[in-house]
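Inspection log for the structure reproduced underneath, given as structure tokens.
The values are calculated or read from the model by the stated rules, or taken from the named source; none is laboratory data. In this text, all values refer to a predicted model and were calculated from it rather than measured experimentally. Glycine also receives a Cβ, built like all others from the backbone with ideal geometry; neighbour counts cover every protein chain displayed. Ligands, DNA and RNA are stripped out before the accessible areas are found, and what is left, the full protein with its side chains, is counted by its heavy atoms. Shrake-Rupley method; radii C 1.70, N 1.55, O 1.52, S 1.80 Å.
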Amino acid sequence: MQKVIGVGETILDILFKNQQPISAVPGGSCFNSIISLGRTGMPCTFVGYSGNDRPGRQTEQMLRDNGIDTRWFQLREEEKSAVALAYLNDAGDADYLFYKPQPSLDDNWQWPQPEADDVLLLGSYFAICPTTHPQIQRLLQAASRQGATVYYDLNFRRSHQHELQELMPAILQNYRLSTIVRGSADDFEIMYGTRDTAYIYDQYIRPHCPLFLCTAGEGTVSVHTPRGQISLQAPRIPDVVSTVGAGDNFNAGLVYAIMKRGLKREDLHTMEPEQWRPLLQTAIAFAGEACRSHHNYVSRQFTASLNQKQP
């Protein structure tokens, strides 16, 4: 059966507004995506870990409550769960403080075997960190051999800009083993000093990966392929509460649309630019829904209505 395999870190997000805490929910970039996908009823598994403490057990329970397979999720006795403080401004955008150890994966790290029908979703620092990337590369190679679709979200934060030269070989390896590379205009401005998506695709992505997707908040969403390019204007969301999970839920929406349509890696490689439009519209809808609450995921009411129509 076709499934989504999510790989990444977990973190307890504590949200503040006007210097006061307003919400505390399990988070992490890929984690947020997988929770939303689980709520759609898609078969999902999450590969990651947390500390065997109250936040870690809360995180594991959140996965189970949303139908996610937790056989490859670890609660580590020696680990303290990571925490992020997110200070929201009036627009719902967050300024972060992170309290977390360096992520690590040992040689015994295990994952579910990717298959040709699967989508492997991963990204952020977890996918390029020197103490995790050797194992991530093994997983990517296994997914590539089996013909699985690999969706790689850079999610490159400014706090790692000083490491960019050291991290670039891992980033390029991830590009080469991916089906889709996704990033925000902010990511690429930090990495390459430009927000010009056509230039970024031609110079930095296309030599390694044929499919490139770039988002820009309420700006333009662009897809670049060897067959051409398409851009959509993201609609303005008047009732934004928090943008913390917006990008993660864009990823969830795109994966949902891919899965719902039964698209495989070879299908994505041969699609015309216009065929990406309905997939992008679904992804934008997921992102917009996530912005309407202090949680990092789409609501169950949203997924209940979504499953009544074709993405």
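Per-structure values
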| quantity | calculated |
| --- | --- |
| Any hit, segment 172-185, residues being charged (D, E, K, R), closer than 26 Å to Thr270 by Cβ and part of a strand (DSSP E or B) | yes |
| Filter pass, Ala170 being more than 14 Å from the chain's Cα centre (by Cα), buried (at least 22 other Cβ atoms within 10 Å of the Cβ) and either within 18 Å of His208 (Cα to Cα) or of a type outside the set (Phe, Trp, Tyr) (or both) | no |
| Checking Gly56 against (1) assigned to a helix (DSSP H, G or I); (2) in contact with an Asp or Glu (Cβ under 6 Å, 6 or more places away or on another chain); (3) of a type outside the set (S, T, N, Q), the condition it does not meet | (2) |
| Positions within segment 1-25 being assigned to a strand (DSSP E or B) and without any contact (Cβ under 8 Å) to a residue 40 or more places away in the chain, in sequence order | Gln20, Pro21, Ala24 |
| Qualifying residue in segment 212-221 (condition: surrounded by fewer than 17 Cβ atoms within 10 Å (Cβ to Cβ) and in a strand (DSSP E or B)) | yes |
| Positions within segment 59-95 being in contact with an Asp or Glu (Cβ under 9 Å, 6 or more places away or on another chain) and aromatic (Phe, Trp, Tyr), in sequence order | Phe73, Tyr87 |
| Filter result for Leu232 (crowded, with 17+ Cβ neighbours inside 10 Å, in contact with a strand residue (DSSP E or B) (Cβ under 7 Å, 6 or more places away or on another chain) and among the aliphatic types (A, V, I, L, M)) | no |
| Considering residues of segment 54-100 that are in contact with a Pro (Cβ under 8 Å, 6 or more places away or on another chain), of a type outside the set (S, T, N, Q) and surrounded by 15 or more Cβ atoms within 10 Å (Cβ to Cβ) only, the residue nearest to Trp111 (Cα to Cα) | Trp72 |
| Unmet criterion (only one of (1) more than 23 Å from Gly262 (Cα to Cα); (2) without any contact (Cβ under 8 Å) to a residue 40 or more places away in the chain; (3) in contact with an Asp or Glu (Cβ under 9 Å, 6 or more places away or on another chain)) for Phe126 | (2) |
| Tally, over segment 33-53, of residues that are assigned to a helix (DSSP H, G or I) and either touching a strand residue (DSSP E or B) at 6+ places or on another chain (Cβ under 7 Å) or of a type in the set (A, V, I, L, M, F, W, C) (or both) | 5 |
| In segment 173-196, the residues that are among the small types (Gly, Ala, Ser) and buried (at least 21 other Cβ atoms within 10 Å of the Cβ) | Ser178, Gly183, Ser184 |
| Residue within segment 101-120 that is surrounded by 14 or more Cβ atoms within 10 Å (Cβ to Cβ), touching a Gly at 6+ places or on another chain (Cβ under 9 Å), part of a helix (DSSP H, G or I) and among the charged types (D, E, K, R) present | no |
| Met42 open to solvent by 40 Å² or more (accessible area, probe 1.4 Å), in contact (Cβ under 8 Å) with a residue 60 or more places away in the chain, of a type outside the set (Lys, Arg) and within 24 Å of Tyr152 (Cα to Cα) | no |
| Wholly within segment 232-311, helices (runs of 4 or more DSSP H) carrying at least 1 residues that are modelled with pLDDT of 95 or more and closer than 26 Å to Ser144 by Cα | 246-260, 265-270, 277-290 |
| All positions within segment 129-149 that are in a loop (DSSP other than H, G, I, E, B), open to solvent by less than 10 Å² (accessible area, probe 1.4 Å) and within 20 Å of Ser104 (Cβ to Cβ) | Cys129, Thr132 |
| Among residues of segment 150-166, those that are over 15 Å from the mean Cα position of the chain (by Cα) and either touching a residue at least 60 places away in the same chain (Cβ under 8 Å) or surrounded by 15 or more Cβ atoms within 10 Å (Cβ to Cβ) (or both), counted | 2 |
